[in-house]
1. Calculate, in nm to one decimal, what ASP271 and ARG251 gain on full extension: separation in residues at 0.36 nm each, minus their alpha carbon distance.
2. Would you compute, from DSSP H runs of 4+ residues alone, the mean residue ellipticity of the chain at 222 nm, taking -39500 (n - 2.57) per run and dividing by the full residue count, rounded to the nearest 500?
3. Specify the longest stretch of the chain that does not include any exposed loop site, a site being one of the GluC sites (Glu not before Pro) with a non-H, G, I, E, B DSSP assignment and at most 11 other Cβ atoms within 10 Å.
4. At each listed q (0.16 Å⁻¹), what is the log10 of I(q)/I(0) that the Debye formula gives for the stretch 225-305 modelled as equal alpha-carbon point scatterers?
5. Given a Förster radius of 45 Å and the C-beta distance between HIS129 and ASN79 as r, what FRET efficiency does 1/(1 + (r/R0)^6) yield to the nearest 0.05?
6. Which of the chymotrypsin sites (Phe, Trp or Tyr not before Pro) found in the stretch 241-304 are loop residues per DSSP with 15 or fewer other Cβ atoms within 10 Å of their Cβ?
7. Where the centroid of each part is defined by its Cα atoms, how far is the stretch 265-295 from the stretch 54-128 in Å?
8. Could you tally the net charge around VAL48, taking each other residue with its Cβ under 10 Å from the Cβ of VAL48, Lys/Arg +1 and Asp/Glu -1?
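Every number in this text was worked out from the coordinates using simple rules, so none of it is lab data. Keep in mind the model is a prediction, meaning the values are calculated, not measured. Note that each Cβ is placed from the backbone with ideal geometry, even for glycine, and that neighbours are counted across all protein chains shown.
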Amino acid sequence: MAEELAYAWITPYSLLKSRTGGIIGRLLSLTNLEFAGARMYAPTDAFVDKYMATIEAQEASPRIKKALLQYLDSYFRPNNRFNVSNRTVLLLFCGEDAVRTLRDDVIGPISDHLKGDTVRGTYGDFVAHPNGEVEYFEPAVLTAADPEINRKHLRLFAEHAQSDGGLVDHVVKFKDPSKIETTLVILKPDNFRKRSSRPGNIIDMFSRTGLYIVGAKLLRMSVAQAEEFYSPLRKMFVERLKPQVVSALNRSVEKAFEFRIPADTYEQMADLLREMNAAWEFNKIVRYMTGIDPAEAEENPKLRTAPGREKCLALLYCGEGAVGKIRERLGGTNPDTAAEGTVRSAYGYDLMRNGAHASDSPENAQREGKIVGLWRGCDDAQIVKEIEPFI
């Protein structure tokens, strides 16, 4: 069976209620499909009209079709019944029989017989009157009914990727925009190396800040991107890691000689080695984030700019004091000493594999966001490249 690209479209109400992390955790942990893409959309009326037209044309239970059309018309438009931002998150999944697998095994049916074993069973609602009329309907996630409808929807997502998608902070209303910050979070590669709800759990922890997710991108960081992204660390490592060089020399060199070596000699030796040590530690980070050894990229220049072999999820959070709130929830760099209840305390392994990265200032958020292509004016709409082979 040929591979398919299926989608899960998280609804505005799910984002409003901070159910995003829980839903993503379910989507990633309950299927063997490959996580292939992510992008935020704030659908215009034109997009909603086209999407509704595909629903109207498909064969479905009249009751369910009516409920779905009314829901889209009421809650996905810029001026909606909730009078809130119509932010949505699109997630793509690739694999054999992906449309059916995602629809039936993970998201679940639109039905008044709901159980908590699917996304809709836990996060959705379908309440019907005894006469059959639907009284309340919240699907939590939208997806395609069949492969043909799926292709039509994928075309719409590609067509509107630039006009309706990307950074959607413009649809969030704030009382005092002057106090608003946008910050970048990157969920690191170890969260995606096996089927797990870890990424969703981390997003759920960040949701407790009360901030708004306004950008999302599945990222395969290139060596060139990683080197630029982490370039401030390379300079910092030269001085910061010198004591570790001194300590390593002390442990190893003293065993090779029967006489005592003065402390200032170790300092002089460390001065000779600290640049090399900093480069080595820096390259370890690049290799971890990309899955490519920088030395391999030096031998093959095309490899420097090619998408990396590791997978990350980049998110933009927006709100008052966003940088500080995210950093507090993230926790200290070292998972062993990070405050309990923080992301790094719960999901970090060591100083490098510590769960997630978060920008330490609005200025760095802008610099880093531009490097990874998730910032206003620097949006590469990578999702279109993911969709095109399947439409």
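1. So the extension gain works out to 5.5 nm.
2. Values: 18 runs with 172 residues, N = 391.
Helices in the chain give a 222 nm mean residue ellipticity of -12500 deg cm²/dmol.
3. Here the longest run is 134-257.
4. Listed by q, the Debye log ratios stand at -0.68.
5. 0.95
6. Working: sites: PHE257, PHE259, TYR266, TRP280, PHE282, TYR288; in loops: PHE257, PHE259.
Hits after loop and neighbour filter: PHE257, PHE259.
7. 50 Å
8. On the way: positive: LYS50, ARG77; negative: ASP45, ASP49, ASP73, ASP164.
Net local charge, VAL48 excluded: -2.
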